[in-house]
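Engineer: One structure, pasted below without further comment.
The values are calculated or read from the model by the stated rules, or taken from the named source; none is laboratory data. Computed from a prediction, not measured in an experiment: that's the story for all the values here. Cβ: placed from backbone, ideal geometry, glycine included. Neighbour counts: every protein chain shown. These area figures cover heavy atoms from the full protein model, side chains too; ligands, DNA and RNA do not enter into them. Shrake-Rupley method; radii C 1.70, N 1.55, O 1.52, S 1.80 Å.
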Amino acid sequence: MIPFCFQIVFYEDRNFQGRSYECSSDCSDMSSYLSRCHSCRVESGCWMLYNRNNYMGNQYFMRRGEYPDYMQHFGMSDCIKSCRMIAMHRGNYRMRIYERENFGGQMHEMMDDCDNIMDHYRMSTCQSCNVMEGHWLMYEQPHFRGRMMYMRPGEYSNFSMGMGMGAMGGMSGMRFMSMRRIMDSWY
C-alpha cells in the first residue's frame, strides 16, 4: 500500500499568480518562503491554515480543490502565515463537550456531528472538551458557521489557551455551538 501524501501549493497573488511555495508538511512560518499569500491549490489531504505564525489566530479548513482568492471566499482580512496538515483518521470518533471551562457544567459525549448544541443537548455553549478519538472542527455558531477551530485528540480545558500545540492562541473568549468530524471521505 502506498502511503498517503499531503500537498498544498501557495501563491503570492490571486488566481495562482506570482511566486509559489509547495508544502507537504506543517509549516509554522511561511514568511521565509512568500511575502504574502492570496491563493492556493490543495493537491491532496486536508489542511488548516492560520493567519498568524506558529499555528495561531483564525483558522481556515481546506480540502482538495482550488482556491483562486480564498481571502474573499472566507472573508479574510489577513494573509496566511502558517499551515498544518490534518492526518487522516480511520476509526471511531468520540469527544466529550463541557458547558464551562475546566470541564465544568453539563457534559455530553458525542460520536457524530452536531449542528446545534442548544437544540441537541440544551447547552448554551461549549467552553472545554476532551477529544478522545478522531479529528474535529468546532464552530462558534450553529450549523457549522463562523470561526472554526481544529481539534485533535487531547484535553482542552480552556479554548483561549494554547494547550501546548498552538491550536488556540489568539482565540480568547471562543465558545462553540456546532461540531463536525473530519471524515476520510473529505480527503
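Engineer: With respect to the numbered conditions (1) modelled with pLDDT under 95; (2) over 18 Å from Tyr60 (Cα atoms), which one is the sole condition not fulfilled by Glu12?
Structural biologist: (2)
Engineer: Is it the case that the range 54-73 has a residue that's outside any helix (DSSP H, G or I), under 20 Å from Met174 (Cα atoms) and free of Cβ contacts under 8 Å to residues at least 60 places away in the same chain? Before you say what the answer is, go through the steps one by one.
Structural biologist: Of the residues in the range 54-73, the ones outside any helix (DSSP H, G or I) are 54-69.
With the extra rule that they be under 20 Å from Met174 (Cα atoms), the set shrinks to 54-61.
Within this subset, residues satisfying the condition of being free of Cβ contacts under 8 Å to residues at least 60 places away in the same chain are none.
The answer is no; no qualifying residue exists.
Engineer: So which pairs qualify, if the first residue must be in the range 80-93 and of a type in the set (Phe, Trp, Tyr), the second must be not in a strand (DSSP E or B), the Cβ gap must be under 8 Å, and the two must be at least 6 apart or on different chains?
Structural biologist: Hits for this filter: Tyr93/Met111; Tyr93/Asp112; Tyr93/Gly134.
Engineer: Cβ-Cβ below 8 Å, separation at least six or inter-chain, first residue in the range 33-46 and on the phi > 0 side of the Ramachandran plot, second assigned to a loop (DSSP other than H, G, I, E, B) and open to solvent by less than 30 Å² (accessible area, probe 1.4 Å): which pairs?
Structural biologist: Between residues of the range 33-46 that are on the phi > 0 side of the Ramachandran plot and residues that are assigned to a loop (DSSP other than H, G, I, E, B) and open to solvent by less than 30 Å² (accessible area, probe 1.4 Å), the close pairs are Gly45/Phe6.
Engineer: I've got another one for you. I'm checking my understanding of the structure. Among residues of the range 165-183 that are modelled with pLDDT of 75 or more and not β-branched (Val, Ile, Thr), which one is most open to solvent (accessible area, probe 1.4 Å)? Talk me through it step by step, then tell me what you get.
Structural biologist: Kept after step one, since they are modelled with pLDDT of 75 or more, are these residues of the range 165-183: 175-183.
If we keep only those that are not β-branched (Val, Ile, Thr) as well, we get 175-181, 183.
On the way: Arg175: 129, Phe176: 0, Met177: 31, Ser178: 0, Met179: 0, Arg180: 63, Arg181: 44, Met183: 54 Å².
Ranking the candidates gives Arg175 first.
Engineer: Report the residue count in the range 77-103 for those that are in contact with a Leu (Cβ under 9 Å, 6 or more places away or on another chain) and part of a loop (DSSP other than H, G, I, E, B). Before you say what the answer is, go through the steps one by one.
Structural biologist: Within the range 77-103, the first condition is being in contact with a Leu (Cβ under 9 Å, 6 or more places away or on another chain), and the residues that meet it are 79-84.
Then keep just the ones that are part of a loop (DSSP other than H, G, I, E, B); that gives 79-81.
Total meeting the criteria: 3.
Engineer: Which residues, counting only those in the range 118-151, are touching a residue at least 60 places away in the same chain (Cβ under 8 Å) and either out of contact with any Phe, Trp or Tyr (no Cβ under 8 Å at 6 or more places or on another chain) or surrounded by 17 or more Cβ atoms within 10 Å (Cβ to Cβ) (or both)? Don't jump to the end; show me each part of the working.
Structural biologist: Pass one, the range 118-151, residues touching a residue at least 60 places away in the same chain (Cβ under 8 Å): 137, 147-150.
Correct list: Leu137, Met148, Met149, Tyr150.
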